[in-house]
Amino acid sequence: MEEVYEVEKTFDKIDFSQSPFPKGEYEECRFINCDLSNADLSGSSFSECSFLGCNLNMANLVKTAFTDVKFRDSKMLGLQFGNCNPFRFAVDFENCILNHSSFYNTKLKKALFKNSNLHEVDFTSCDLSEATFDNCDLALATFQSAILEKANFLTAYNYSIDPEMNKIKKARFSQMGIAGLLDKYDIEIEP
């Protein structure tokens, strides 16, 4: 199958779960209310694209390139971002459901996670330097051997981060969120 090259194209309400996703390069494209659940996006390249109101649950991301890609109001359960092409990988998420996804060993410097659910997300060995978790639910998310220097967790909640297992220098936490840094000690903190 021949690869496509699309620039500044809008894909609106297309169900790619029923027909194969056309592999290729997509620049400055918009995907609006598309169903990409279980779609094979492997090997495709997305640069300065946006996914708005899309369903990307369980999509295949092997060697997929995301450069300056924004995801808004999208369902993204069980995605393996660690399988993506690491070259110039840059993504932002707002109002997304990323539960059970994995960013294992990815570079997410200055990434934005805003108003999103990140339940049981794996951030093992990630570089999250200067990343922002604005009003995000990080229940049971895994942070191990992660670089969290200068990351902003001021409005994040339900996280459990072991300061001895992660680099957290100059990371920002709210006073109410400090309990999430002490979980392993099984102590009670009272207001």
Note to self: Criterion first (assigned to a loop (DSSP other than H, G, I, E, B), at pLDDT 95 or above and over 25 Å from residue 65 (Cβ atoms)) does residue 161 satisfy it?
What the structure shows: yes
Next item on the list: Report whether or not residue 57 is within 17 Å of residue 31 (Cβ to Cβ), in contact with a Gly (Cβ under 8 Å, 6 or more places away or on another chain) and either part of a loop (DSSP other than H, G, I, E, B) or not β-branched (Val, Ile, Thr) (or both).
Entry: yes
Notebook entry, point to check: Does residue 89 count as within 18 Å of residue 67 (Cα to Cα), outside any loop (DSSP other than H, G, I, E, B), open to solvent by less than 70 Å² (accessible area, probe 1.4 Å) and out of contact with any helix residue (DSSP H, G or I) (no Cβ under 6 Å at 6 or more places or on another chain)?
Noted result: no
Note to self: So, in the stretch 5-24, how many residues would count as being under 12 Å from residue 45 (Cβ atoms), outside any strand (DSSP E or B) and of a type in the set (Asp, Glu)?
What the structure shows: 0
Notebook entry, point to check: in contact with a helix residue (DSSP H, G or I) (Cβ under 7 Å, 6 or more places away or on another chain) and either open to solvent by 50 Å² or more (accessible area, probe 1.4 Å) or not charged (D, E, K, R) (or both) - does that describe any residue in the stretch 51-61?
Noted result: yes
Next item on the list: Mind counting the residues in the stretch 115-136 that are over 24 Å from residue 88 (Cα atoms) and either in contact with a Phe, Trp or Tyr (Cβ under 6 Å, 6 or more places away or on another chain) or open to solvent by less than 10 Å² (accessible area, probe 1.4 Å) (or both)?
Entry: 1
Notebook entry, point to check: So, in the stretch 93-114, of the ones that are open to solvent by 30 Å² or more (accessible area, probe 1.4 Å) and not in a loop (DSSP other than H, G, I, E, B), which residue ends up nearest to residue 147 (Cα to Cα)?
Noted result: 107
Check: Listed residues 123, 103; which is of a type in the set (Phe, Trp, Tyr), in contact (Cβ under 8 Å) with a residue 12 or more places away in the chain and out of contact with any Cys (no Cβ under 8 Å at 6 or more places or on another chain)?
Finding: 123
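The values are calculated or read from the model by the stated rules, or taken from the named source; none is laboratory data. For clarity, every value in this text was computed on a predicted model and none was experimentally measured. For neighbour counting, all protein chains shown are included, and Cβ atoms are generated from backbone atoms with ideal geometry for every residue, glycine included. Just so you know, the surface numbers come from the protein's heavy atoms only, side chains and all, with ligands and any DNA or RNA stripped out. Shrake-Rupley method; radii C 1.70, N 1.55, O 1.52, S 1.80 Å.
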